[in-house]
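J.: Following this message is one structure expressed as structure tokens.
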Amino acid sequence: MSKEHQQNSWAHGLFDCCSPAGLCLKTFFCPCITFGKAAHLKNHNNLDDYSCCNGSCCLFAVLLHCSLHFIPATMQRGDVREKFNLEGSCLGDCCKSCWCTCCVLMQNEKELEQRESLLRGSSQGYQPNGGMEYPQGN
């Protein structure tokens, strides 16, 4: 496979879902919030103006009650894969989203947070240190 078509590995495993514990509990009890946060990160590349009760969160909550939550989870996972050129397939995304929804949502959020923070850090470029300051002597 040529370098330009080579796919990257996920930085976080699908079953690394118990850490951090706060994210694990939030996703288990309110998966719509995790989905909404990841959607905001994916679309805006930061958490500025983020609200935990956003449109994506509400959509996921409605579809969750209709047992169709795997559809937006699959789509979001595909978007994350495409954005960062990660390994996987649409069929794999769908299967994982059907049977391991919480794990998929946590992996998406952690992947987006880590990769976006790396991109923000690298886009700032070189930042020179301030000049040395000597203490004032009496």
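The values are calculated or read from the model by the stated rules, or taken from the named source; none is laboratory data. Note that the structure is a prediction, hence the values are computed from the model and not measured. Here Cβ is always computed from backbone atoms with ideal geometry, including for glycine, and neighbour counts include all displayed protein chains.
J.: Could you tell me whether any residue of the stretch 45-64 is surrounded by fewer than 12 Cβ atoms within 10 Å (Cβ to Cβ), on the phi > 0 side of the Ramachandran plot and among the acidic types (Asp, Glu)?
T.: Yes.
J.: Under 6 Å by Cβ, and 6 or more places apart or on different chains, what pairs join a residue from the stretch 78-103 that is on the phi > 0 side of the Ramachandran plot with one that is exposed (fewer than 14 other Cβ atoms within 10 Å of the Cβ) and of a type outside the set (D, E, K, R)?
T.: Filtered contacts from the stretch 78-103: Asn85/Gln7; Asn85/Asn8.
J.: Could you count how many residues in the stretch 3-38 are of a type outside the set (S, T, N, Q) and part of a loop (DSSP other than H, G, I, E, B)?
T.: 11
J.: In addition: Which count do you get for residues in the stretch 65-80 that are surrounded by 15 or more Cβ atoms within 10 Å (Cβ to Cβ), among the small types (Gly, Ala, Ser) and closer than 19 Å to Phe29 by Cα?
T.: Count: 1.
J.: In the stretch 22-30, is there at least one residue being in contact with a helix residue (DSSP H, G or I) (Cβ under 9 Å, 6 or more places away or on another chain) and small (Gly, Ala, Ser)?
T.: no
J.: If you don't mind, another one. Under 19 Å from Gly13 (Cα atoms) and modelled with pLDDT under 95: which single residue out of Gln114, Gln124 fits that description?
T.: Only one candidate passes the filter, namely Gln114.
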